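J.: If you scroll down you'll find the structure; I have some questions about it.
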Amino acid sequence: DDASDEAACPGPLIVVSNRQPYRHEYDDADAEDDTERSVTVDEPTGGLTAGLDPVCKRTDGTWIAWGDGSADFDVTDDRNCVSVPPDSEGYTLHRLDLSEAAVDSYYRGFSNRVLWPICHGFSDLLEDRPTDFEWYRTVNERFASAVADHATDDSVVWIQDYHFALAPRLVRDSIPPSATVAQFWHIPWPAPETFRDCPAGVDVLEGVLGNDLLGFHVDRYVENFLECVQRYVPNATVDRDQRLVRYEGEPTTVVATPMGVDAASFDRRARAADRRNPSALLTDAVSEETVVGLGVDRLDYTKGIPERLAALERFFERNPDWCGEFTFVQKATPSRTEIPTYERYGEFVRNEVERINGRFESGDWKPIVYTEEYVEPDDLCALYRQADVMIVSPIIDGMNLVAQEYLAASVDCDGALLLSDRTGAYERLGSHALGIDPTDTDAFARRIAESLSMPRHERRRRMNTLRHRVFENDIGSWMDSQFDWIQSIHEGSSSEAID
Ligand code: ADP
Ligand code: F6P
């Protein structure tokens with residue numbers, strides 16, 4: 001097993017997330033029943049499911065998620081309830097079907113037009129549409145009632161992310177008091193001055209305070225959350241030192257437990273990769289001699305892709321000797337494309353790539369090779385291994401797993417990581433990564449030049465330290481710390497229930 005030692009969950013685990021870990025598409029043509037239908041399995045892009053799936057496979061738990069077009073829910077119930085991995089021990093995935101109106105308001109509305117921009121400090125992109133919050137509540141109720149259907153006295157309910165700010169309180173009120181409700185908030189929590197603009201902000205805070213345990217990636221988000229509670233929920237008592245909130249008599253413990261990646265698995269896949277020829281890289285613009293830079297992101301306005309392109313443009317302007325020698329490969333996955341802001345962002349990125357390539361390309365060589373596709377895990381590891389420089393430049397990111405995946409896959413220890421100092425990953429990895437302010441184009445471009453001319457021993461020294469940190473704090477140790485916290489709270493609540 002790849003993810004370090006077994007993390008022990010103190011009771012039957014119920015995971016709740018918006019995104020499902022697997023999407024199954026059934027080819028129904030002429031099939032009499034499910035056994036005859038061919039199925040394609042897809043893994044959605046995103047840090048949350050990528051991180052949790054390997055861990056949940058080691059539990060005998062339940063994972064409740066939105067079915068997102070996976071099954072034709074009218075045909076058979078089997079598609080709403082599947083074993084992962086198929087036909088062996090793992091967990092049971094329960095899918096909830098949501099109507100188009102619900103998805104539009106709950107997911108594309110309150111989750112991604114309100115909470116996502118607010119939490120990332122993009123208040124100017126906030127769009128508060130009339131019925132979105134009511135749908136958000138309805139969907140949270142729906143998930144909470146699905147949890148109640150599965151919960152037992154000693155269940156551990158573990159809710160993921162900002163799609164479910166109201167569910168914790170609803171779950172808490174509908175399952176036995178001896179069961180534990182925990183939530184991990186995978187994105188930043190903003191300062192009170194920013195959170196003030198959040199529509200239904202008090203409902204959000206009161207909902208989240210239904211948790212026994214609430215986790216964030218880094219201390220700053222914990223501090224911001226406690227300040228928001230202190231300021232906007234007057235009836236709550238906040239103990240900043242103990243990181244404990246009491247609201248309506250119930251305690252919520254707030255912790256910072258930074259999420260890691262399954263480092264051993266990235267390392268193993270990278271070692272197995274054909275170093276000079278990863279298929280995902282094959283293009284005339286990249287020869288064996290080309291020095292390769294790499295970016296891997298969802299097309300999201302928080303990821304700082306235009307800022308990265310601007311820095312690359314400045315770099316080629318100032319360092320013409322690198323033209324023909326260095327190529328930047330950007331893998332981008334379209335994300336939330338039904339939201340116009342995202343659509344416009346994708347359009348802008350594509351145009352910028354074309355413009356910059358038009359300025360510098362010559363013969364077969366291009367400064368930027370840009371593709372929008374999902375890269376299979378083996379190819380992704382081969383790419384990571386081949387990249388001489390990895391650029392991760394979000395304007396803000398709760399954690400950022402791509403940076404950690406790159407380090408885990410850098411088995412030759414000869415790559416360099418440029419990392420935005422506004423990411424949770426930077427807070428945990430520190431200055432052994434080459435820190436950048438993504439909005440300072442000149443300094444960013446100088447950092448690119450610096451990374452390319454860095455002596456080999458210096459790259460190796462930094463990389464060794466960074467890899468060590470990623471292996472020490474991998475997904476297994478994250479789960480251990482989550483389950484340790486859950487265990488101590490779980491024991492407390494079971495003894496209270498007995499008293
Ligand atoms: P977020 O959760 O905001 O998308 P993270 O960096 O934390 O950002 O996680 C992104 C995850 O999605 C990583 O596991 C990364 O490998 C994966 N990913 C991103 N883009 C691609 C892509 N084009 N192909 C395959 N996987 C991708
Ligand atoms: O990590 C943040 C997150 O929003 C996850 O909750 C989500 O699965 C991922 O980014 C990708 O976004 P989406 O599920 O909206 O495609």
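J.: Has the stretch 400-408 got at least one residue that is on the phi > 0 side of the Ramachandran plot, in contact (Cβ under 8 Å) with a residue 60 or more places away in the chain and in contact with a strand residue (DSSP E or B) (Cβ under 9 Å, 6 or more places away or on another chain)? Full working, then the answer.
T.: Of the stretch 400-408, the ones on the phi > 0 side of the Ramachandran plot are 400.
Next, only the ones that are in contact (Cβ under 8 Å) with a residue 60 or more places away in the chain stay: 400.
Restricting the remaining residues to those that are in contact with a strand residue (DSSP E or B) (Cβ under 9 Å, 6 or more places away or on another chain) gives 400.
Taking every residue of the stretch 400-408 in turn, at least one turns out to be on the phi > 0 side of the Ramachandran plot, in contact (Cβ under 8 Å) with a residue 60 or more places away in the chain and in contact with a strand residue (DSSP E or B) (Cβ under 9 Å, 6 or more places away or on another chain).
J.: Here's a follow-up. How about the stretch 178-220: which of its residues are among the β-branched types (Val, Ile, Thr) and within 16 Å of ligand 1 (Cβ to nearest atom)? Working first, answer last.
T.: Of all residues in the stretch 178-220, those among the β-branched types (Val, Ile, Thr) come to 180-181, 187, 194, 202, 204, 208, 218.
Ile187, Val218 - these are the residues of the stretch 178-220 that are among the β-branched types (Val, Ile, Thr) and within 16 Å of ligand 1 (Cβ to nearest atom).
For (1) within 25 Å of His217 (Cβ to Cβ); (2) of a type in the set (Phe, Trp, Tyr); (3) surrounded by 18 or more Cβ atoms within 10 Å (Cβ to Cβ), each residue gets a yes or a no:
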position: Thr131; (1), (2), (3): no, no, no
position: Tyr136; (1), (2), (3): yes, yes, yes
position: Glu141; (1), (2), (3): no, no, no
position: Ser145; (1), (2), (3): no, no, no
position: His150; (1), (2), (3): no, no, no
position: Val157; (1), (2), (3): yes, no, yes
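J.: Ile391 passes all but one of (1) modelled with pLDDT of 95 or more; (2) in contact with a helix residue (DSSP H, G or I) (Cβ under 7 Å, 6 or more places away or on another chain); (3) surrounded by fewer than 21 Cβ atoms within 10 Å (Cβ to Cβ); which number fails?
T.: (3)
J.: Quick check: is even one residue across the stretch 113-124 assigned to a helix (DSSP H, G or I), hydroxyl-bearing (Ser, Thr, Tyr) and either farther than 19 Å from Pro21 by Cα or touching a strand residue (DSSP E or B) at 6+ places or on another chain (Cβ under 7 Å) (or both)? I'd like the intermediate steps shown before the answer.
T.: Taking the stretch 113-124 and keeping what is assigned to a helix (DSSP H, G or I), we get 113-119, 123-124.
Then keep just the ones that are hydroxyl-bearing (Ser, Thr, Tyr); that gives 123.
From what's left, either farther than 19 Å from Pro21 by Cα or touching a strand residue (DSSP E or B) at 6+ places or on another chain (Cβ under 7 Å) (or both): 123.
Yes, the conditions are met somewhere in the stretch 113-124.
J.: Does Arg344 satisfy the condition of being among the charged types (D, E, K, R), away from ligand 2 (no atom under 16 Å from the Cβ) and surrounded by 20 or more Cβ atoms within 10 Å (Cβ to Cβ)?
T.: Values: among the charged types (D, E, K, R): yes; away from ligand 2 (no atom under 16 Å from the Cβ): yes; surrounded by 20 or more Cβ atoms within 10 Å (Cβ to Cβ): no.
The answer is no for Arg344.
J.: Another question, if that's okay. Are any residues in the stretch 207-257 part of a loop (DSSP other than H, G, I, E, B) and of a type in the set (Val, Ile, Thr), and if so, which ones? If you could, list the steps in order and put the result at the bottom.
T.: The first filter runs over the stretch 207-257 and keeps only residues part of a loop (DSSP other than H, G, I, E, B), leaving 209-212, 217-218, 233-236, 240-243, 248-249, 257.
Val218, Val233, Thr257, listed by residue number.
J.: Output yes when any residue across the stretch 198-205 is under 21 Å from Ser123 (Cα atoms), in contact with a Phe, Trp or Tyr (Cβ under 8 Å, 6 or more places away or on another chain) and crowded, with 23+ Cβ neighbours inside 10 Å, and no when none is.
T.: No: the stretch 198-205 contains no residue that is under 21 Å from Ser123 (Cα atoms), in contact with a Phe, Trp or Tyr (Cβ under 8 Å, 6 or more places away or on another chain) and crowded, with 23+ Cβ neighbours inside 10 Å.
J.: Then there is this: Going through Phe225, Phe195 one at a time, which residue ends up being closer than 30 Å to Thr62 by Cβ and among the hydrophobic types (A, V, I, L, M, F, W, C)?
T.: Working: Phe195 fails: closer than 30 Å to Thr62 by Cβ.
When all the criteria are applied, what remains is Phe225.
J.: Return the residue satisfying two criteria in turn: it lies in the stretch 172-197 and is free of Cβ contacts under 8 Å to residues at least 40 places away in the same chain and assigned to a helix (DSSP H, G or I), and of such residues it is surrounded by the fewest Cβ atoms within 10 Å (Cβ to Cβ).
T.: In this case the residue turns out to be Asp173.
J.: Within the stretch 462-473, is there a residue that is surrounded by fewer than 24 Cβ atoms within 10 Å (Cβ to Cβ), closer than 30 Å to Asn211 by Cα, charged (D, E, K, R) and without any contact (Cβ under 8 Å) to a residue 12 or more places away in the chain?
T.: Yes, that holds for at least one residue.
J.: Here is a check on your reading of the model: is Gly260 part of a helix (DSSP H, G or I), within 16 Å of ligand 2 (Cβ to nearest atom) and of a type in the set (Gly, Ala, Ser)? Talk me through it step by step, then tell me what you get.
T.: Working: part of a helix (DSSP H, G or I): no; within 16 Å of ligand 2 (Cβ to nearest atom): yes; of a type in the set (Gly, Ala, Ser): yes.
The answer is no for Gly260.
J.: Okay, moving on. Only residues that are more than 9 Å from ligand 1 (Cβ to nearest atom) and either crowded, with 18+ Cβ neighbours inside 10 Å or free of Cβ contacts under 8 Å to residues at least 24 places away in the same chain (or both): list them for the stretch 370-383, please.
T.: Residues of the stretch 370-383 that are more than 9 Å from ligand 1 (Cβ to nearest atom), as a first pass: 370, 378, 381-383.
Residues satisfying the conditions are Tyr370, Cys381, Ala382, Leu383.
J.: Condition first: more than 26 Å from Val291 (Cβ to Cβ) and among the charged types (D, E, K, R). Now tell me which residues in the stretch 446-497 satisfy that.
T.: We begin by selecting, within the stretch 446-497, every residue more than 26 Å from Val291 (Cβ to Cβ); these are 471-497.
Correct list: Glu472, Asp474, Asp480, Asp484, Glu491, Glu496.
J.: Take the conditions touching a residue at least 12 places away in the same chain (Cβ under 8 Å), within 16 Å of ligand 1 (Cβ to nearest atom) and either part of a helix (DSSP H, G or I) or not acidic (Asp, Glu) (or both) and apply them to Gly295. Does it pass? Before the answer, list the steps.
T.: Details: touching a residue at least 12 places away in the same chain (Cβ under 8 Å): yes; within 16 Å of ligand 1 (Cβ to nearest atom): yes; either part of a helix (DSSP H, G or I) or not acidic (Asp, Glu) (or both): yes.
When the stated conditions are applied, Gly295 passes them.
J.: Taking the stretch 447-461, which residues are hydroxyl-bearing (Ser, Thr, Tyr) and in contact (Cβ under 8 Å) with a residue 60 or more places away in the chain? Steps first, answer last, please.
T.: In the first step, residues of the stretch 447-461 are kept if they are hydroxyl-bearing (Ser, Thr, Tyr); the result is 451, 453.
Ser451, the sole residue that qualifies.
J.: Look through the stretch 290-341, keep the residues that are away from ligand 2 (no atom under 16 Å from the Cβ) and under 20 Å from Gly398 (Cα atoms), and return whichever of them is nearest to the chain's Cα centre (by Cα).
T.: Filtering the stretch 290-341 for residues away from ligand 2 (no atom under 16 Å from the Cβ) gives 290-295, 306-330.
So of that shortlist, the ones also under 20 Å from Gly398 (Cα atoms) come out as 295, 306-308.
Numbers: Gly295: 16, Pro306: 20, Glu307: 21, Arg308: 20 Å.
Of everything passing the filter in the stretch 290-341, Gly295 is nearest to the chain's Cα centre (by Cα).
J.: Also, quick follow-up: Can you give me the number of residues within the stretch 129-169 that are of a type in the set (Val, Ile, Thr), part of a helix (DSSP H, G or I) and either modelled with pLDDT under 95 or within 16 Å of ligand 2 (Cβ to nearest atom) (or both)? Please lay out each step first, then the result.
T.: Filtering the stretch 129-169 for residues of a type in the set (Val, Ile, Thr) gives 131, 138-139, 147, 152, 156-157, 159.
Keeping just the survivors that are part of a helix (DSSP H, G or I) gives 138-139, 147.
Adding the requirement that they be either modelled with pLDDT under 95 or within 16 Å of ligand 2 (Cβ to nearest atom) (or both) leaves 139.
Summing the residues that are of a type in the set (Val, Ile, Thr), part of a helix (DSSP H, G or I) and either modelled with pLDDT under 95 or within 16 Å of ligand 2 (Cβ to nearest atom) (or both) in the stretch 129-169 gives 1.
J.: Based on this model, can you work out whether Tyr406 counts as surrounded by 24 or more Cβ atoms within 10 Å (Cβ to Cβ), away from ligand 2 (no atom under 16 Å from the Cβ) and not hydrophobic (A, V, I, L, M, F, W, C)?
T.: For Tyr406, the condition - surrounded by 24 or more Cβ atoms within 10 Å (Cβ to Cβ), away from ligand 2 (no atom under 16 Å from the Cβ) and not hydrophobic (A, V, I, L, M, F, W, C) - is met.
The values are calculated or read from the model by the stated rules, or taken from the named source; none is laboratory data. Quick caveat: nothing in here was measured; it's all calculated off a predicted structure. Neighbour counts are summed over all protein chains in view; Cβ atoms, including those assigned to glycine, are modelled from backbone coordinates with ideal geometry.
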